[in-house]
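S.K.: Have a look at this one.
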Amino acid sequence: MGGPLYDLHIHSCLSPCGDADMTPGNIAGMAKLNGLRIAALTDHNTCLNCPAFFEACRVYGVVPIAGMELTTMEEIHVVCLFATLEKAMEFDRFVAGHRMKIKNRPDIFGEQIVMDAKDDPAGCVDELLILATDLDLMQAVREVRRFGGAAFPAHIDKQANGIIGILGDFPAEPGFAAAEFHDAGNIAGYKAKYPILEGLTLLTNSDAHMLESMPLEPAVFSGLEDDDNEQTLRRKIVAILGK
């Protein structure tokens, strides 16, 4: 079945673990080279590079989605996507009040660089972004939905920060509509072990922190049309992946 090629989990140089070459412009350019129609920027606990990413994607003809990889109180990683940049930035301001107030050590964790529309550094975030917020899983998902977004657990086939690795099971609540796998080869085995996954939209995203980690053979988002305009694609994706 056809559909647009996507990657809905990408980190920029704003994530302390993101490579310095992961600027919004470089990500958009690599997305274009790899044939992506849709790309989401999802830095750790912030959306501050999404405005520059939107500008870069317009240049390259890639449909941008503003997002965040939120770390819950339980240390579960949740991908949060929004139908509009404005709602994402509202959510960013909300999450900023729930981050731990611990200063980043760039010499240990890496820089956290905010970029402008010209792909030049425009500032940095002082708080260490990879720490857990004070939002538990239920609260986090409820707030994403309150801001009109979609939330799904990231890389559930990984022990580190994966919902199954932390909770020991895939919970019925908060009622996820989707889940992300790091390795598509794990999907069949996980569906057999966790039947709740059978009715979900299962995604394979790169979680790229380096340009070379962006997929040369990206996945197809079934149920969408390549010729949908970008507003329609964002709206449909959030509707499919949310509740």
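S.K.: Under a GNM of the chain (C-alpha, springs under 10 Å), which listed residue has the highest mean-square fluctuation: ALA188, ALA40, ALA132?
M.R.: ALA188
S.K.: So, in Å, what gap is there between the alpha-carbon centers of the range 190-243 and the range 80-122?
M.R.: With the range 190-243 and the range 80-122 each reduced to a Cα centre, they are spaced 23 Å.
S.K.: Please state, to two decimals, what the Cα-based radius of gyration of the range 188-243 comes to when divided by 2.2 N^0.38 Å (N = residues).
M.R.: In units of the 2.2 N^0.38 Å rule of thumb, it is 1.39.
S.K.: In the neighborhood of ASN34, defined by Cβ-to-Cβ distances under 12 Å, what is the net charge if each Lys or Arg adds +1 and each Asp or Glu adds -1?
M.R.: Summing Lys and Arg as +1 and Asp and Glu as -1 gives -1.
S.K.: What number comes out for accessible area per residue over the range 131-229 if the probe is 1.4 Å? Units Å², please. It would help to have the intermediate numbers written out before the result.
M.R.: Values: 4590 Å² over 99 residues.
Value returned for the range 131-229: 46 Å² of accessible area per residue.
S.K.: Can you tell me how the range 148-243 classifies by the Cα gyration tensor, rounded, prolate or oblate, using a/c under 1.5 as the rounded cut?
M.R.: oblate
S.K.: Let me know the volume per residue of the alpha-carbon convex hull for the range 1-133, in Å³.
M.R.: Roughly 107 Å³ of hull volume per residue.
S.K.: Which order do the peptides 210-223, 56-69 come out in when sorted by mean C-beta neighbours inside 10 angstrom, highest first?
M.R.: Highest to lowest by the protection proxy: 56-69, 210-223.
S.K.: Using only the alpha-carbon atoms of the chain as identical scatterers, what base-10 log of I(q)/I(0) does the Debye formula give at q = 0.07, 0.08, 0.11 Å⁻¹?
M.R.: The Debye formula, applied to the Cα set alone, gives -0.20, -0.26, -0.50.
S.K.: Separate question: Please figure out what share of the DSSP beta bridges in the chain is antiparallel and state it in percent, rounded to the nearest 5.
M.R.: Beta bridges within the chain, antiparallel portion: roughly 55 percent.
S.K.: Report the convex hull volume per residue for the range 85-210, counting only C-alpha atoms, in Å³.
M.R.: 142
S.K.: Hey, another quick one. Take every Cα pair under 8 Å in the chain that's 6+ residues apart, average their separations, divide by the length, and report that relative contact order as a whole percent.
M.R.: Once divided by the residue count of the chain, the mean separation gives 26 percent.
S.K.: While we're on this one: Go ahead and estimate [θ] at 222 nm for the chain from helices alone: -39,500 (n - 2.57) per DSSP H run with n ≥ 4, summed, over the residue count, rounded to 500. Numbers along the way, then the final one.
M.R.: Values: 8 runs with 71 residues, N = 243.
About -8000 deg cm²/dmol.
S.K.: Carbon and sulfur: what percent of the chain's accessible surface (1.4 Å probe)? The partial results should precede the final answer.
M.R.: Details: 5480 of 10270 Å².
That fraction is 53 percent.
S.K.: Among ALA192, ALA140, ALA96, which one moves the most in a GNM of the chain with springs linking Cα atoms closer than 10 Å?
M.R.: ALA192
The values are calculated or read from the model by the stated rules, or taken from the named source; none is laboratory data. Note that the structure is a prediction, hence the values are computed from the model and not measured. Positions of Cβ are backbone-derived with ideal geometry, glycine not excepted, and every protein chain shown enters the neighbour counts. The accessibility values were calculated without ligands, DNA or RNA, using every heavy atom of the protein model including side chains. Shrake-Rupley method; radii C 1.70, N 1.55, O 1.52, S 1.80 Å.
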